[in-house]
Amino acid sequence: MEASAAKIQVKVLVLDADQAAAEQVRAFCETHDLVPVKVPADNLMPVLRSSIDLGAVFLAEGFESHTLSGMRLAQELNRIRPELPIFLRTAAPHTLSESERRFVRHAYHLGELAGMSEAVQESLFCLVYPESLVRGISDLTLQALSGQFKEISVVAEAPMIVRDRLIYGEVYSLIPLEANWCRGYMMLQVEERSLRRLQMHQLGDMDPVHKDSIRAINNVFSETTNLIWGAFKNRFIAYDDTALAKMTQVPIVINHPQRYISFGSEDPQLCFRYHIWDNLLQQGEPIELHQRFVFNLNWSPELFRENQANVDSMLASGELELF
């Protein structure tokens, strides 16, 4: 039986000064698995330049920010975040010119809002993620984190689809994923100061100079990545997939000052975010761990299968029980 598709949401930025129209857009979003967020006009550019995860922008042509509005504002938003599709609300029906299509994905007016489903589907939900894959990733990651760090509490947010190419934090790891149903990467991202704070406590009585070293911090992050990757491989990649021949890779572009990374693909990415508290410290903000799956080299969800043997073995050992 084919795995059912997961219900995954997309965070979208709604820029509309007309409250009545904004309410209609918000209602449309909420019925199409979109999570609408808004930002004051004078704070728009700083927010876009931050590391906020977004999937699209719903822009009204009458919305003004930094003396820009309409197509001029859309063009500036596209310059700052070119990976985000822009849906432009116009006062009257408007056919985009060839030049406008370079920075606006779709133009609509309120009378056409109901017909926006196809444009949203093509832009944001073009990849289908099996429900058992999404649920399994979150479960195995929580288990790996709890096994790697002592006395912590971890909460996972609902998974999201993002289209941005931004890097979160200063420390991130990449590890290839390759099977007959996917080829791509898993990426973990975290702020160095947060990882350092957790790591200093986790290493206990180790020499302070050594446990604060870059090598110690990088090692624990590498081990965490390997734990999650190993669990993913055991659960979702069949043993005979290891015989896959090497295939062509694509360049990965990283721009550190701009916190930008590109995998050579325009496909959306599957994003998870975890909040970690060190229970023994009993103070401080939670540590954010970002996890992304980038299936940029191959994506064939119709071939996806979860390794049922793992579930069966847990039932046999008593780790799992049936109701």
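The values are calculated or read from the model by the stated rules, or taken from the named source; none is laboratory data. Everything quoted here is computed from the prediction, not taken from an experiment. Cβ placement follows ideal geometry from the backbone for every residue including glycine, while neighbour counts extend to all protein chains displayed. Remember, those area values only see protein heavy atoms, side chains included, never the ligands or the DNA or RNA. Shrake-Rupley method; radii C 1.70, N 1.55, O 1.52, S 1.80 Å.
Among residues of the stretch 139-153 that are more than 16 Å from S222 (Cα to Cα), those with a beta-carbon under 7 Å from a residue that is in a strand (DSSP E or B) and open to solvent by 50 Å² or more (accessible area, probe 1.4 Å) at least six positions away or on a different chain give the pairs I152/W277; S153/W277.
Each row is one residue, and each column tells you yes or no for (1) open to solvent by 50 Å² or more (accessible area, probe 1.4 Å); (2) modelled with pLDDT under 55; (3) in a helix (DSSP H, G or I); (4) of a type in the set (S, T, Y).
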| site | (1), (2), (3), (4) |
| --- | --- |
| N234 | yes, no, yes, no |
| T242 | yes, yes, yes, yes |
| M247 | yes, yes, no, no |
| S265 | no, no, no, yes |
| Q283 | yes, no, no, no |
| V294 | no, no, no, no |
| L297 | no, no, no, no |
| L315 | yes, yes, yes, no |
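In the stretch 48-76, the residues that are without any contact (Cβ under 8 Å) to a residue 60 or more places away in the chain and on the phi > 0 side of the Ramachandran plot form Cβ pairs under 9 Å with partners that are open to solvent by 30 Å² or more (accessible area, probe 1.4 Å) and charged (D, E, K, R), at six or more places apart or across chains, as follows: H66/D42; H66/E76; G70/E61; G70/E64.
Condition first: open to solvent by 10 Å² or more (accessible area, probe 1.4 Å) and in contact with a Lys or Arg (Cβ under 7 Å, 6 or more places away or on another chain). Can you find one or more residues in the stretch 58-65 that meet it?
Yes - at least one qualifying residue is present in the stretch 58-65.
Filter the stretch 8-34 for residues that are among the aliphatic types (A, V, I, L, M) and free of Cβ contacts under 8 Å to residues at least 40 places away in the same chain; which is least open to solvent (accessible area, probe 1.4 Å)? So, considering only residues that are among the aliphatic types (A, V, I, L, M) and free of Cβ contacts under 8 Å to residues at least 40 places away in the same chain, the one least open to solvent (accessible area, probe 1.4 Å) is A22.
Out of curiosity, is G136 open to solvent by 20 Å² or more (accessible area, probe 1.4 Å) and among the small types (G, A, S)?
no
Taking the numbered list (1) assigned to a helix (DSSP H, G or I); (2) open to solvent by less than 60 Å² (accessible area, probe 1.4 Å); (3) hydrophobic (A, V, I, L, M, F, W, C) in turn, A114 passes all entries but (2).
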